[in-house]
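Below is one structure, written out as structure tokens; comments come after it.
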Amino acid sequence: MAVGVVVSLPSSSQRMSDICQVLRNFEESTQTLSGDAAIISISYGASDPSLSDRLLYPHVFRMVQNNHIHNMAISELLEHFGWTWVGIIVSDDETGENELQILTKQKLQRYIQRMKSSPDPMRPSYYFNEQGEAMHPYKIINWLHTGEAISEVEVGNFTPWAVSGEKLHINRQSITWKHTKEIPVSRCSDQCSPGSRKKTGRTIHACCYDCIPCAEGEISNITDAENCIKCQNDEWPNEKRDQCLPKVLEFISYQNDTMASFFSGVSVFGSLVTAFIFGIFIFYRDTPIVKANNRNLSYLLLVSIFLSFLSVFLFLGCPSDVTCRLQITSFGIFFSVAVSSLLAKTVMVCVAFKSTKPGSPWRKWLNVKLPYTIVLLCSSIQFVICVFWLSIFPPFQDLDTESYPGKIIIQCNEGSDICFYFVLGYMGLLAAVSFFLAFMVRTLPDSFNEAKYITFSMLLFCSVWISMIPAYLSTRGKYMVVVEIFAVMASSTGLLGCVFLPKCFIILFKPEMNRKTDLLGKRQE
């Protein structure tokens with residue numbers, strides 16, 4: 001036998017917990033009398049959310065929606081107008097306390113008396129959902145005081161079962177505000193613009209916060225961002241920090257860098273001057289001043305200086321793996337050949353004057369093989385160092401994204417610092433030995449003695465490369481390349497000017513000094 005009971009529950013202003021317990025006890029007692037007994041409870045005013053629990057109250061139906069739906073509508077309305085700093089007025093009892101907690105929680109975390117779909121969510125409709133509640137839309141009413149009368153204007157509606165974003169519809173043009181024509185602002189903090197983020201903790205209220213700029217390398221592209229977004233390694237924020245832009249690629253570019261034009265011009269000019277001097281030496285190859293101290297060594301020295309000037313172009317433009325391997329090893333080999341040639345010239349000057357005495361044992365060293373042996377041996381050691389470097393730890397293109405904000409420095413990584421300093425160290429050793437020998441024989445009597453010129457050239461050469469090392473280590477980016485280029489050009493210019501310009505001056509402007517009789521006369525003195 002089934003028992004059906006219709007109960008009209010009072011409004012939520014009464015103690016709902018006591019009434020719910022009565023219903024639960026009544027249902028248990030009827031089920032004891034009859035196994036298939038059921039209570040069908042229909043309420044016209046009970047809105048407590050606890051009655052939506054279908055496990056405890058499977059047969060309760062009510063004609064009003066629970067407070068969650070009501071609070072969700074208020075929350076949607078507040079969010080629509082951007083109001084976060086609002087006051088909540090509730091009754092001073094258990095029901096009011098529950099309303100306050102529900103509405104506060106609803107504002108902080110969007111709600112998700114799970115909805116059953118309606119055939120047409122935009123049309124007003126009434127039905128019972130899965131919680132046994134009669135579902136219906138809300139009207140948004142604007143109350144107007146006109147004189148002593150109060151009128152109502154419908155300005156929108158709220159449909160609980162509509163999809164997210166379509167629940168609330170407001171016609172702002174239909175709203176009449178009391179003191180302003182614009183939407184009133186109700187916030188305790190200004191909105192954080194893109195490029196900044198919210199920092200909570202100033203007060204206990206979550207809607208009150210400070211706005212702080214995004215950290216370096218981060219952006220925010222929305223209003224009131226909770227956190228900033230870090231740009232990728234190849235990107236950097238713009239000035240407003242609301243957009244990530246590609247980082248600027250930095251290297252000595254031919255297109256928009258005046259340093260590239262300057263160095264190119266100086267390199268071409270130096271190579272042309274070297275070629276011009278080489279032509280003078282070829283044209284006057286049979287004169288005593290060209291023959292002195294082995295003209296073939298002079299030719300080899302001019303070729304190495306010419307190639308050193310041209311090697312500057314390997315440092316310009318965007319570096320690649322190939323140019324990185326060539327630029328660092330090329331000047332090492334070219335200058336080793338040049339300094340080896342000067343060393344051979346110095347040795348030949350020393351041997352020549354040592355062999356002037358009758359019966360001197362140094363005469364056996366006066367042969368054509370000695371200078372070439374010196375050049376080949378000294379240059380081969382540097383060549384072996386470079387081959388080992390390129391085989392084991394070759395230089396490569398490197399992208400430096402950390403040294404300068406907003407820039408990607410395209411540079412050459414040496415691969416092995418030890419090999420790099422071995423190349424410089426060996427080149428410095430050759431220059432030091434050549435400088436020492438040239439200094440020792442600089443005062444020997446000879447019109448065409450190059451020792452004093454070699455002394456000045458090696459002094460300049462060593463000064464340039466010694467000062468280059470600390471400058472190279474203290475710079476970054478393309479300015480490291482500038483230091484290297486300056487060292488190459490300064491040392492090449494020093495060798496060319498100190499060794500060959502005095503001879504060219506005699507050849508072109510003092511031809512009377514370019515005679516064998518002057519050479520013999522000076523030696524007799």
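The values are calculated or read from the model by the stated rules, or taken from the named source; none is laboratory data. Remember, it's a predicted structure, so these values are computed and weren't measured experimentally. Positions of Cβ are generated from backbone atoms using ideal geometry, with glycine treated the same way; all protein chains shown enter the neighbour counts. Ligands, DNA and RNA are stripped out before the accessible areas are found, and what is left, the full protein with its side chains, is counted by its heavy atoms. Shrake-Rupley method; radii C 1.70, N 1.55, O 1.52, S 1.80 Å.
Exactly one residue among Thr274, Thr258 is farther than 14 Å from Gly217 by Cα and open to solvent by 30 Å² or more (accessible area, probe 1.4 Å), and that residue is Thr258.
Taking the numbered list (1) farther than 30 Å from Phe505 by Cβ; (2) assigned to a helix (DSSP H, G or I); (3) open to solvent by less than 30 Å² (accessible area, probe 1.4 Å) in turn, Ile289 passes all entries but (1).
The lone criterion from (1) outside any helix (DSSP H, G or I); (2) at pLDDT 90 or above left unmet by Val384 is number (1).
If you filter region 178-229 down to residues that are among the charged types (D, E, K, R) and over 26 Å from Pro405 (Cβ atoms), you find that the one that is modelled with the highest pLDDT is Asp224.
Can you tell me how many residues within region 413-425 are on the phi > 0 side of the Ramachandran plot and either part of a helix (DSSP H, G or I) or open to solvent by less than 20 Å² (accessible area, probe 1.4 Å) (or both)?
Within region 413-425, the subset on the phi > 0 side of the Ramachandran plot is 415.
So of that shortlist, the ones also either part of a helix (DSSP H, G or I) or open to solvent by less than 20 Å² (accessible area, probe 1.4 Å) (or both) come out as none.
Residues meeting the conditions: 0.
Every residue, every condition in (1) under 25 Å from the mean Cα position of the chain (by Cα); (2) β-branched (Val, Ile, Thr), yes or no:
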site	(1), (2)
Thr223	yes, yes
Lys230	yes, no
Trp236	yes, no
Cys244	yes, no
Val248	yes, yes
Ile252	yes, yes
Met259	yes, no
Phe262	no, no
Leu272	no, no
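Residue count for region 426-452 satisfying the condition of being of a type outside the set (A, V, I, L, M), part of a helix (DSSP H, G or I) and modelled with pLDDT under 90: 6. Within region 322-372, if we keep just the residues that are modelled with pLDDT under 80 and open to solvent by less than 10 Å² (accessible area, probe 1.4 Å), the residue that is nearest to Ile392 (Cα to Cα) turns out to be Ile328. Can you go through Asn296, Asn227 and tell me which one is in a loop (DSSP other than H, G, I, E, B) and open to solvent by 70 Å² or more (accessible area, probe 1.4 Å)? When all the criteria are applied, what remains is Asn227. If you go through region 466-517 and keep only what is touching a Leu at 6+ places or on another chain (Cβ under 9 Å), modelled with pLDDT under 85 and closer than 22 Å to Thr274 by Cβ, you end up with just Met468. Screening Ser457, Ser434, Ser379 for residues that are surrounded by 19 or more Cβ atoms within 10 Å (Cβ to Cβ) and in contact with a Gly (Cβ under 7 Å, 6 or more places away or on another chain) leaves exactly one candidate, Ser457. For Phe281, the criteria (1) of a type in the set (Phe, Trp, Tyr); (2) at pLDDT 90 or above; (3) closer than 30 Å to Val384 by Cα; (4) in contact with a Leu (Cβ under 9 Å, 6 or more places away or on another chain) hold in every case but one, which is (3). Screening Lys199 against (1) in contact with a Ser or Thr (Cβ under 9 Å, 6 or more places away or on another chain); (2) not hydrophobic (A, V, I, L, M, F, W, C); (3) not in a loop (DSSP other than H, G, I, E, B) leaves a single unmet condition, (1). The C-beta contact set for region 473-488 (first residue among the basic types (Lys, Arg), second residue assigned to a loop (DSSP other than H, G, I, E, B) and buried (at least 16 other Cβ atoms within 10 Å of the Cβ), distance under 7 angstrom, 6+ apart or interchain) comprises Lys478/Phe251; Lys478/Ile252. If you go through region 141-162 and keep only what is farther than 22 Å from His179 by Cβ and either in contact with a His (Cβ under 7 Å, 6 or more places away or on another chain) or exposed (fewer than 11 other Cβ atoms within 10 Å of the Cβ) (or both), you end up with just Asn157. As a summary of the residue check, Ile410 satisfies the conditions (1) at pLDDT 85 or above; (2) open to solvent by 80 Å² or more (accessible area, probe 1.4 Å); (3) not in a helix (DSSP H, G or I) except for the one numbered (2).
For region 383-406, residues that are of a type in the set (A, V, I, L, M, F, W, C), open to solvent by 80 Å² or more (accessible area, probe 1.4 Å) and either within 17 Å of the chain's Cα centre (by Cα) or farther than 25 Å from Arg476 by Cβ (or both) total 5.
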